[in-house]
Every structure is written in C-alpha cells, then in structure tokens.
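*Asks:* Before I ask anything, here is the structure I am working with.
The values are calculated or read from the model by the stated rules, or taken from the named source; none is laboratory data. No experiment lies behind these values; they were computed from the predicted model shown. Heads up, the Cβs are rebuilt from the backbone with ideal geometry, glycines too, and the neighbour counts pull from every protein chain shown.
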Amino acid sequence: MSDQACYVGIDIGGTTIKAGVVSADGTVLTNTIYPVCLDCGRDEGLIHLYAIIDRIIAESRSRERIAGIGLAAPGTMDIPAGVIFHPFNLPGWDNLPIVQLVSERFGLPAVLQNDANAAAMGEAWLGRARGVDSVMFWTLGTGIGGGIVLNGRVWEGAHSHAAECGHMIIQQEGGPRSEFGIHGSLELYAGARGLLRRCREALASGARSTLRDREAGGETITPIIIADEAKQGDELADRLIMETARYLAIGTVNIMHILNPAMVLFGGAMTFDQHGSELGRRFLAKVKEEVKARAFPIPAERTIIDYAVLGGDAGFIGAAACAMKAFS
C-alpha cells in the first residue's frame with residue numbers, strides 16, 4: 001500500500017453532500033454522494049456530516065494516512081477563521097465554527113472553502129485546468145457562481161468574498177431588480193432564473209415558440225425544456241440560450257481585463273450538454289465569438305475558453321486539494 005498522504009474532501013451542496021478521499025498524487029480512492037439533512041437543524045445536521053466523514057474514511061481504507069479534511073460549503077463565510085456565517089441551504093448552521101468542530105471530532109486539521117472556489121481548485125488540480133497557473137471558473141445554475149485560482153491557490157480576497165462574479169453589475173439603470181439590492185447583475189441575466197425571466201417576457205410580448213405549446217399543455221418551462229426546444233430548432237429558445245452566452249461573454253471579458261487568466265472554464269447544470277451536443281458546442285462558440293469582439297486583442301486570442309470536465313466531482317476534489325495545500 002502506498003504511504004502517500006490522503007485528504008478528505010467534502011462538498012456540501014444544495015441537496016447532496018459529495019464526499020471523497022484523494023491521495024496526494026491525485027488518485028481518488030473513494031467517493032460517493034449522500035443526501036443533505038436539510039431540516040435536521042444544527043446538531044442533527046452535524047451528526048449526519050460526521051457520519052459521512054467516518055464512512056468515507058472507512059471506505060478508503062486509509063485512516064492512518066489521512067492528513068487533513070477540506071470542507072466546501074455555500075453561503076457567506078470567514079474562510080481563515082473556518083466559520084460559516086449564512087449557509088443558504090442549512091437552517092441552524094448560522095455562525096457555525098465548522099472547522100473547529102470537525103477538527104476536534106476527528107483529531108485532524110481541517111480547512112473551509114467556498115464551494116465555487118473549491119470547484120475551481122478541483123479543475124485546476126485534476127481537471128481541464130491541470131497544469132495551468134491561473135483559471136477563472138464559472139458555475140452556471142440557478143444563479144451564477146465563480147472561483148478563481150491564481151498561482152495554484154484559490155483567490156479568497158480580504159474578506160472571503162472574492163470571485164462572486166455572478167454579482168458583477170452589467171446594467172445599472174433599467175436592469176432587472178434584485179432582492180439583495182444588486183440590481184442589474186450578471187446572474188439576473190444569465191442564471192437559470194434570468195433565462196426563465198427573459199423567456200416569460202418574450203412569450204408575454206407575443207413571440208412565437210413551441211415553448212408556448214408546452215406551457216399550454218401544462219408543463220412548467222425550465223432551462224432543460226428551453227434547451228430541448230432549442231435543439232429541435234425553436235428560434236426563440238435558441239435565441240434565449242445564445243443571449244445567455246453573450247451575457248456570459250461580457251462577464252468573462254470583465255474578468256479577463258482585470259485578472260488576465262490563462263483559462264476560463266464553464267461548468268454547472270446550465271452548460272447544455274457541453275461538447276456532447278451541437279447546442280453546447282454552439283453555446284461555447286458564441287461565448288468565444290462575443291469575447292473576441294470585446295476583449296483586448298492579445299488576451300482575446302490567447303485566453304483558453306472551454307468547459308470544465310470534472311462535473312459534480314470538482315467540489316470534493318477541490319476541497320481535498322485545499323486541505324493538501326494547507327497541510328502538506
């Protein structure tokens with residue numbers, strides 16, 4: 001058996017907890033998915049989390065080689081202090097000193113990271129950005145998240161709030177309104193909710209579309225349905241998705257002009273089957289086209305823009321990588 005150090009990675013998502021053990025050479029020894037205990041409250045939720053960590057360590061058969069635990073979570077947090085302030089999906093976990101609690105429970109050092117940051121780190125360690133020294137990673141879903149890795153390390157910012165790129169404001173006056181006061185932000189245009197809002201507005205204005213037929217048939221329009229209709233040649237559905245690509249290109253150019261990363265990646269649920277579908281390929285091509293039309297010529301030509309490759313595994317792999325960076 002190898003004597004390499006191993007690291008636990010835990011990605012606490014909206015509905016699931018993805019957990020794995022990864023060795024220092026990047027070998028995933030074991031990984032699995034568990035449901036999140038959404039309504040358990042703090043104490044029961046922590047017991048559930050501890051049980052998952054116990055189980056994943058046992059399955060890896062590497063307990064004596066575990067050198068640290070990486071925890072990825074959503075919401076606001078103090079990363080250096082290891083405290084989650086307001087996790088969106090975990091009632092009762094406000095102001096939770098999760099690093100201290102996990103470290104004391106397992107007798108191992110632990111580190112906390114934002115979930116999108118961890119996913120970026122996963123792609124930088126074992127994914128599409130492997131061997132690349134700087135990467136911006138967009139996570140596309142209900143909202144839009146971001147993670148930035150510079151010189152092999154997550155860029156956390158002074159207050160643990162770096163890379164909240166979905167909240168960059170791309171239109172102030174007349175832009176869509178935000179419940180959080182961040183009006184006209186990128187995610188209000190290009191996140192799933194923004195896509196659905198634009199779809200509703202287009203249908204209300206009388207646009208012809210098979211989406212109207214599906215809605216009349218009792219279906220609730222979702223991004224998946226919009227993508228399905230775009231693949232079938234519906235003009236409105238296709239236009240909505242290509243508009244999403246254009247908005248994301250605007251956000252990407254802003255990042256490129258500030259940080260000039262070597263690579264920009266797109267991942268998450270709203271990537272339209274990526275390279276596996278003609279729609280996904282056209283979506284990425286549209287992003288690249290719009291970026292080249294707006295960015296400075298040299299970064300426009302040299303920045304690699306592509307899809308992420310690790311899928312749902314990026315978060316736990318990145319969390320393990322953060323532990324390795326901190327404790328190796």
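*Asks:* Please find, among GLY70, GLY14, GLY26, the residue that is assigned to a strand (DSSP E or B), in contact (Cβ under 8 Å) with a residue 60 or more places away in the chain and within 24 Å of GLY127 (Cα to Cα).
*Replies:* Values: GLY14 fails: assigned to a strand (DSSP E or B); GLY26 fails: assigned to a strand (DSSP E or B).
Exactly one residue qualifies, and that residue is GLY70.
*Asks:* Is it the case that some residue within segment 125-140 is assigned to a helix (DSSP H, G or I) and out of contact with any Cys (no Cβ under 9 Å at 6 or more places or on another chain)?
*Replies:* Yes, segment 125-140 contains at least one residue that is assigned to a helix (DSSP H, G or I) and out of contact with any Cys (no Cβ under 9 Å at 6 or more places or on another chain).
*Asks:* Do we find a residue being surrounded by fewer than 19 Cβ atoms within 10 Å (Cβ to Cβ), farther than 21 Å from ALA262 by Cβ and in contact with a helix residue (DSSP H, G or I) (Cβ under 7 Å, 6 or more places away or on another chain) anywhere in segment 106-121?
*Replies:* yes
*Asks:* In segment 1-46, how many are within 22 Å of the chain's Cα centre (by Cα) and aliphatic (A, V, I, L, M)?
*Replies:* Total meeting the criteria: 11.
*Asks:* Could you pull out the residue among ARG130, ARG212 that is farther than 26 Å from ASP306 by Cα and free of Cβ contacts under 8 Å to residues at least 40 places away in the same chain? Show your work before the answer.
*Replies:* Working: ARG130 fails: farther than 26 Å from ASP306 by Cα.
Matching residue, one of ARG130, ARG212: ARG212.
*Asks:* Out of the residues in segment 165-186 meeting the condition of being within 19 Å of THR139 (Cβ to Cβ) and assigned to a loop (DSSP other than H, G, I, E, B), tell me which one is modelled with the lowest pLDDT.
*Replies:* This residue is PHE180.
*Asks:* Any residue at all in segment 221-231 that's surrounded by 17 or more Cβ atoms within 10 Å (Cβ to Cβ), assigned to a loop (DSSP other than H, G, I, E, B) and modelled with pLDDT of 95 or more?
*Replies:* Scanning segment 221-231, I find at least one residue that is surrounded by 17 or more Cβ atoms within 10 Å (Cβ to Cβ), assigned to a loop (DSSP other than H, G, I, E, B) and modelled with pLDDT of 95 or more, so the answer is yes.
*Asks:* Right, another one. Would you confirm whether any residue within segment 32-43 is modelled with pLDDT of 95 or more, of a type in the set (Asp, Glu), loosely packed, with under 14 Cβ neighbours inside 10 Å and not in a loop (DSSP other than H, G, I, E, B)?
*Replies:* no
*Asks:* Conditions: (1) over 15 Å from the mean Cα position of the chain (by Cα); (2) surrounded by fewer than 17 Cβ atoms within 10 Å (Cβ to Cβ); (3) in contact (Cβ under 8 Å) with a residue 12 or more places away in the chain. HIS161 meets all but one. Number of the miss?
*Replies:* Only one criterion is unmet by HIS161, namely (1).
*Asks:* Oh, and also: Answer yes or no: is there a residue in segment 146-164 that is assigned to a loop (DSSP other than H, G, I, E, B), among the charged types (D, E, K, R) and not assigned by TED's automatic domain parsing to the domain that holds ALA319.
*Replies:* Yes; the residues of segment 146-164 include at least one that is assigned to a loop (DSSP other than H, G, I, E, B), among the charged types (D, E, K, R) and not assigned by TED's automatic domain parsing to the domain that holds ALA319.
*Asks:* Name every residue in segment 175-193 that is without any contact (Cβ under 8 Å) to a residue 40 or more places away in the chain and not acidic (Asp, Glu), in order of residue number.
*Replies:* GLY175, PRO176, ARG177, SER178, PHE180, GLY181, ILE182, HIS183, GLY184, SER185, LEU188
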